[in-house]
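Comments concern the structure below.
The values are calculated or read from the model by the stated rules, or taken from the named source; none is laboratory data. On a predicted model such as this, the values are computed, not experimentally measured, just so you know. Glycine also receives a Cβ, built like all others from the backbone with ideal geometry; neighbour counts cover every protein chain displayed.
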Amino acid sequence: MGVTDVTGEPVISMRGVRAELGSRPVLRGIDLTVHRGEVAALLGANGSGKSTAIRSVIGQVPLSTGAIELFGTDRGRFRDWRRVGYVPQRTTAAGGVPATVTEIVASGRLSRTRFGLFGRADRAAVHRALELVGMADRAKDSVNALSGGQHQRVLIARALVAEPELLIMDEPMAGVDLASQEVLARTLREQVAQGTTVLLVLHELGPLEPLIDRAVVLRDGCVLHDGPPPHAPASIPPSSQLRSSRGYPQPGHDHVHPHGPAGADPIRTGLLS
(Lines give C-alpha, C1' and ligand atoms only; values in the text may rest on other atoms or scores of the structure.)
Protein backbone atom coordinates (compact mmCIF):
# COMPACT_ATOMS: atom_id res chain seq x y z
CA MET A 1 0.00 0.00 0.00
CA GLY A 2 1.01 3.63 -0.20
CA VAL A 3 3.34 5.19 -2.74
CA THR A 4 7.03 4.84 -3.36
CA ASP A 5 7.71 8.04 -5.30
CA VAL A 6 8.74 10.39 -2.49
CA THR A 7 9.71 13.80 -3.86
CA GLY A 8 8.91 16.16 -1.01
CA GLU A 9 6.31 18.32 -2.73
CA PRO A 10 3.52 19.75 -0.56
CA VAL A 11 0.62 17.38 0.06
CA ILE A 12 -1.24 19.62 2.52
CA SER A 13 -0.91 23.40 2.53
CA MET A 14 -2.81 25.56 5.02
CA ARG A 15 -2.37 29.32 4.75
CA GLY A 16 -3.93 31.77 7.19
CA VAL A 17 -6.71 29.31 8.02
CA ARG A 18 -9.37 30.62 10.35
CA ALA A 19 -12.53 28.76 11.27
CA GLU A 20 -15.43 29.05 13.69
CA LEU A 21 -17.73 26.53 15.32
CA GLY A 22 -21.00 28.32 15.87
CA SER A 23 -19.83 31.84 16.55
CA ARG A 24 -16.74 30.78 18.49
CA PRO A 25 -13.35 31.22 16.77
CA VAL A 26 -11.47 27.90 16.90
CA LEU A 27 -8.67 28.32 14.35
CA ARG A 28 -7.02 31.72 14.43
CA GLY A 29 -4.65 31.80 11.49
CA ILE A 30 -3.05 28.39 10.95
CA ASP A 31 -0.10 28.09 8.56
CA LEU A 32 1.03 24.52 7.99
CA THR A 33 2.60 22.60 5.11
CA VAL A 34 3.01 18.82 5.16
CA HIS A 35 5.29 17.42 2.47
CA ARG A 36 5.11 14.10 0.70
CA GLY A 37 6.40 11.28 2.87
CA GLU A 38 6.33 13.33 6.06
CA VAL A 39 4.70 12.31 9.34
CA ALA A 40 3.35 15.31 11.23
CA ALA A 41 1.55 15.16 14.58
CA LEU A 42 -0.79 17.86 15.85
CA LEU A 43 -0.45 18.15 19.60
CA GLY A 44 -2.02 20.38 22.23
CA ALA A 45 -4.44 20.52 25.10
CA ASN A 46 -8.14 19.80 24.70
CA GLY A 47 -9.82 22.68 22.90
CA SER A 48 -6.63 23.84 21.17
CA GLY A 49 -8.09 23.25 17.69
CA LYS A 50 -6.35 20.00 16.70
CA SER A 51 -9.39 18.07 15.50
CA THR A 52 -10.94 21.16 13.92
CA ALA A 53 -7.74 21.69 11.95
CA ILE A 54 -7.79 18.25 10.32
CA ARG A 55 -11.55 18.39 9.79
CA SER A 56 -11.01 21.64 7.93
CA VAL A 57 -8.49 19.85 5.70
CA ILE A 58 -11.05 17.24 4.62
CA GLY A 59 -13.82 19.82 4.23
CA GLN A 60 -15.96 18.99 7.26
CA VAL A 61 -15.38 22.44 8.74
CA PRO A 62 -15.82 25.53 6.52
CA LEU A 63 -13.17 28.24 6.59
CA SER A 64 -13.83 31.80 7.65
CA THR A 65 -10.70 32.97 5.84
CA GLY A 66 -7.54 31.44 4.45
CA ALA A 67 -6.87 28.65 1.98
CA ILE A 68 -6.17 24.92 1.99
CA GLU A 69 -4.63 22.93 -0.85
CA LEU A 70 -4.41 19.16 -1.23
CA PHE A 71 -1.79 17.85 -3.66
CA GLY A 72 -1.48 21.37 -5.07
CA THR A 73 -5.22 21.79 -5.72
CA ASP A 74 -7.51 24.13 -3.83
CA ARG A 75 -9.59 22.03 -1.44
CA GLY A 76 -12.82 23.38 -2.89
CA ARG A 77 -11.88 22.02 -6.33
CA PHE A 78 -10.20 18.82 -5.12
CA ARG A 79 -12.08 15.72 -6.28
CA ASP A 80 -9.59 12.84 -6.11
CA TRP A 81 -10.53 11.82 -2.56
CA ARG A 82 -9.39 8.24 -3.08
CA ARG A 83 -5.88 9.62 -2.52
CA VAL A 84 -6.90 10.54 1.04
CA GLY A 85 -7.62 8.11 3.87
CA TYR A 86 -9.37 9.46 6.97
CA VAL A 87 -9.71 7.85 10.39
CA PRO A 88 -12.16 9.84 12.54
CA GLN A 89 -11.95 10.33 16.26
CA ARG A 90 -12.89 7.16 18.08
CA THR A 91 -16.37 6.01 17.16
CA THR A 92 -18.09 2.72 16.51
CA ALA A 93 -17.14 1.37 13.11
CA ALA A 94 -20.70 0.84 11.89
CA GLY A 95 -22.44 3.70 13.67
CA GLY A 96 -25.05 1.31 15.07
CA VAL A 97 -25.83 -0.32 11.69
CA PRO A 98 -25.50 -4.13 11.64
CA ALA A 99 -22.50 -4.99 9.48
CA THR A 100 -19.59 -7.38 9.37
CA VAL A 101 -15.97 -6.38 9.69
CA THR A 102 -15.44 -7.16 6.00
CA GLU A 103 -18.41 -5.02 4.94
CA ILE A 104 -17.14 -2.01 6.85
CA VAL A 105 -13.62 -2.29 5.46
CA ALA A 106 -14.91 -2.94 1.93
CA SER A 107 -16.87 0.33 2.05
CA GLY A 108 -13.56 2.16 2.02
CA ARG A 109 -12.70 0.54 -1.33
CA LEU A 110 -15.72 1.87 -3.23
CA SER A 111 -13.82 4.89 -4.54
CA ARG A 112 -11.53 2.54 -6.48
CA THR A 113 -14.21 0.26 -7.93
CA ARG A 114 -16.06 0.62 -11.22
CA PHE A 115 -19.76 1.20 -10.59
CA GLY A 116 -19.41 -0.27 -7.10
CA LEU A 117 -18.56 -3.73 -8.45
CA PHE A 118 -15.84 -5.60 -6.58
CA GLY A 119 -13.26 -7.59 -8.49
CA ARG A 120 -10.47 -9.91 -7.42
CA ALA A 121 -8.06 -7.02 -6.77
CA ASP A 122 -10.61 -5.29 -4.54
CA ARG A 123 -11.26 -8.42 -2.48
CA ALA A 124 -7.51 -8.94 -2.14
CA ALA A 125 -7.09 -5.35 -0.96
CA VAL A 126 -9.75 -5.84 1.73
CA HIS A 127 -8.08 -9.01 2.97
CA ARG A 128 -4.67 -7.32 2.96
CA ALA A 129 -5.98 -4.34 4.96
CA LEU A 130 -7.52 -6.69 7.52
CA GLU A 131 -4.25 -8.58 7.84
CA LEU A 132 -2.35 -5.33 8.33
CA VAL A 133 -4.40 -4.45 11.40
CA GLY A 134 -4.58 -8.00 12.73
CA MET A 135 -8.31 -8.47 12.11
CA ALA A 136 -8.36 -11.07 9.34
CA ASP A 137 -9.58 -13.70 11.80
CA ARG A 138 -12.61 -11.52 12.62
CA ALA A 139 -13.56 -10.80 9.00
CA LYS A 140 -17.02 -12.38 9.20
CA ASP A 141 -17.85 -11.15 12.70
CA SER A 142 -20.32 -8.40 13.42
CA VAL A 143 -18.62 -5.14 14.33
CA ASN A 144 -21.05 -4.91 17.25
CA ALA A 145 -19.11 -7.75 18.89
CA LEU A 146 -15.78 -5.89 18.81
CA SER A 147 -13.90 -4.13 21.59
CA GLY A 148 -13.02 -0.44 21.34
CA GLY A 149 -9.50 -1.22 20.18
CA GLN A 150 -10.80 -3.62 17.54
CA HIS A 151 -13.26 -0.99 16.28
CA GLN A 152 -10.33 1.36 15.83
CA ARG A 153 -8.39 -1.26 13.88
CA VAL A 154 -11.37 -1.71 11.56
CA LEU A 155 -11.61 2.05 10.96
CA ILE A 156 -7.92 2.16 10.09
CA ALA A 157 -8.29 -0.82 7.74
CA ARG A 158 -11.19 0.98 6.06
CA ALA A 159 -8.95 4.01 5.47
CA LEU A 160 -6.05 1.91 4.19
CA VAL A 161 -8.00 -0.32 1.81
CA ALA A 162 -8.15 2.40 -0.86
CA GLU A 163 -4.33 2.59 -0.74
CA PRO A 164 -4.24 6.33 0.04
CA GLU A 165 -1.23 8.56 -0.50
CA LEU A 166 -2.28 10.74 2.44
CA LEU A 167 -3.52 9.33 5.73
CA ILE A 168 -5.27 11.66 8.19
CA MET A 169 -6.02 10.29 11.65
CA ASP A 170 -7.79 11.93 14.58
CA GLU A 171 -6.47 10.55 17.89
CA PRO A 172 -6.12 6.94 16.70
CA MET A 173 -4.71 5.82 20.05
CA ALA A 174 -7.38 7.40 22.28
CA GLY A 175 -9.05 4.86 24.55
CA VAL A 176 -7.30 1.95 22.84
CA ASP A 177 -5.79 -0.93 24.80
CA LEU A 178 -2.03 -1.50 24.75
CA ALA A 179 -2.21 -4.51 22.43
CA SER A 180 -4.17 -2.52 19.85
CA GLN A 181 -1.80 0.44 20.24
CA GLU A 182 1.10 -1.82 19.33
CA VAL A 183 -0.76 -3.20 16.31
CA LEU A 184 -1.67 0.29 15.14
CA ALA A 185 1.91 1.50 15.57
CA ARG A 186 3.20 -1.43 13.52
CA THR A 187 0.57 -0.83 10.83
CA LEU A 188 1.42 2.84 10.57
CA ARG A 189 5.14 2.04 10.47
CA GLU A 190 4.55 -0.15 7.39
CA GLN A 191 2.61 2.62 5.66
CA VAL A 192 5.28 5.20 6.45
CA ALA A 193 8.03 2.92 5.14
CA GLN A 194 6.21 2.80 1.81
CA GLY A 195 5.97 6.57 1.51
CA THR A 196 2.52 7.40 2.83
CA THR A 197 2.18 10.97 4.06
CA VAL A 198 0.58 11.16 7.51
CA LEU A 199 -1.08 13.94 9.49
CA LEU A 200 -2.48 12.84 12.81
CA VAL A 201 -3.85 14.28 16.02
CA LEU A 202 -2.33 12.88 19.19
CA HIS A 203 -2.84 13.60 22.85
CA GLU A 204 0.59 12.12 23.50
CA LEU A 205 3.19 10.58 21.21
CA GLY A 206 3.30 7.17 22.93
CA PRO A 207 4.32 4.23 20.72
CA LEU A 208 4.17 6.41 17.59
CA GLU A 209 7.00 8.68 18.74
CA PRO A 210 9.72 6.96 16.62
CA LEU A 211 7.70 7.67 13.46
CA ILE A 212 7.02 11.35 14.01
CA ASP A 213 9.05 13.84 11.95
CA ARG A 214 7.37 16.99 13.20
CA ALA A 215 5.35 17.99 16.21
CA VAL A 216 3.00 20.90 15.56
CA VAL A 217 1.72 22.20 18.88
CA LEU A 218 -1.50 24.23 18.87
CA ARG A 219 -2.79 26.51 21.58
CA ASP A 220 -6.01 28.51 21.35
CA GLY A 221 -6.19 27.85 17.61
CA CYS A 222 -2.67 29.08 16.87
CA VAL A 223 0.58 27.29 16.09
CA LEU A 224 2.88 27.59 19.08
CA HIS A 225 5.65 25.21 17.99
CA ASP A 226 6.51 23.49 14.72
CA GLY A 227 9.61 21.34 14.78
CA PRO A 228 11.14 18.07 15.94
CA PRO A 229 9.07 16.13 18.48
CA PRO A 230 9.79 16.78 22.16
CA HIS A 231 12.96 15.03 23.37
CA ALA A 232 14.12 14.35 19.78
CA PRO A 233 17.48 15.83 18.66
CA ALA A 234 16.77 18.78 16.39
CA SER A 235 19.14 17.56 13.68
CA ILE A 236 18.02 13.91 13.58
CA PRO A 237 14.38 13.16 12.74
CA PRO A 238 13.08 10.22 14.81
CA SER A 239 12.36 8.13 11.74
CA SER A 240 15.56 8.98 9.87
CA GLN A 241 16.98 5.48 10.10
CA LEU A 242 13.72 3.90 8.99
CA ARG A 243 13.39 6.18 5.99
CA SER A 244 16.94 7.30 5.21
CA SER A 245 16.61 6.14 1.59
CA ARG A 246 13.28 7.81 0.87
CA GLY A 247 14.78 10.96 -0.57
CA TYR A 248 12.58 13.81 0.65
CA PRO A 249 13.96 16.89 2.44
CA GLN A 250 14.32 16.33 6.17
CA PRO A 251 12.39 18.78 8.35
CA GLY A 252 14.38 21.75 9.53
CA HIS A 253 11.50 23.94 10.64
CA ASP A 254 12.21 24.20 14.35
CA HIS A 255 10.93 27.33 15.99
CA VAL A 256 8.32 28.84 18.23
CA HIS A 257 5.75 30.75 16.22
CA PRO A 258 5.11 34.39 17.10
CA HIS A 259 1.61 33.44 18.20
CA GLY A 260 3.08 31.88 21.34
CA PRO A 261 5.47 33.16 24.00
CA ALA A 262 9.11 33.28 22.95
CA GLY A 263 11.13 30.34 24.13
CA ALA A 264 8.08 28.37 25.20
CA ASP A 265 8.63 24.67 25.61
CA PRO A 266 5.44 22.74 24.83
CA ILE A 267 6.28 20.12 27.45
CA ARG A 268 7.38 22.42 30.26
CA THR A 269 4.44 24.76 29.76
CA GLY A 270 2.00 21.88 30.11
CA LEU A 271 0.48 22.30 26.66
CA LEU A 272 0.38 18.58 26.06
CA SER A 273 -1.35 17.69 29.31
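Among all residue pairs at least 6 apart or on different chains, which show Cβ distances below 9 Å where the first residue, located in segment 117-136, is acidic (Asp, Glu) and the second is not in a helix (DSSP H, G or I)?
Asp122/Arg109; Asp122/Thr113; Asp122/Val161
For segment 156-192, enumerate the residues that are out of contact with any strand residue (DSSP E or B) (no Cβ under 8 Å at 6 or more places or on another chain) and at positive phi.
The answer is Glu163, Gly175.
From Gln181, Gln191, which residue is outside any loop (DSSP other than H, G, I, E, B) and farther than 17 Å from Ala40 by Cβ?
Within the list Gln181, Gln191, the selection yields Gln181.
Identify, from the list Val126, Val176, the residue that is surrounded by 15 or more Cβ atoms within 10 Å (Cβ to Cβ) and more than 21 Å from Leu202 (Cβ to Cβ).
Selected residue: Val126, the only one of Val126, Val176 that is surrounded by 15 or more Cβ atoms within 10 Å (Cβ to Cβ) and more than 21 Å from Leu202 (Cβ to Cβ).
Any residue that is touching a Ser or Thr at 6+ places or on another chain (Cβ under 8 Å), part of a helix (DSSP H, G or I), farther than 28 Å from Gly44 by Cβ and modelled with pLDDT of 95 or more - is there at least one of those in segment 137-158?
Taking every residue of segment 137-158 in turn, none turns out to be touching a Ser or Thr at 6+ places or on another chain (Cβ under 8 Å), part of a helix (DSSP H, G or I), farther than 28 Å from Gly44 by Cβ and modelled with pLDDT of 95 or more.
For Val201, are the conditions met, namely being modelled with pLDDT of 90 or more, under 21 Å from Lys50 (Cα atoms) and out of contact with any Lys or Arg (no Cβ under 9 Å at 6 or more places or on another chain)?
Answer is no for this residue.
Does Ile58 count as hydrophobic (A, V, I, L, M, F, W, C), within 17 Å of Val198 (Cα to Cα), surrounded by 19 or more Cβ atoms within 10 Å (Cβ to Cβ) and out of contact with any His (no Cβ under 9 Å at 6 or more places or on another chain)?
No.
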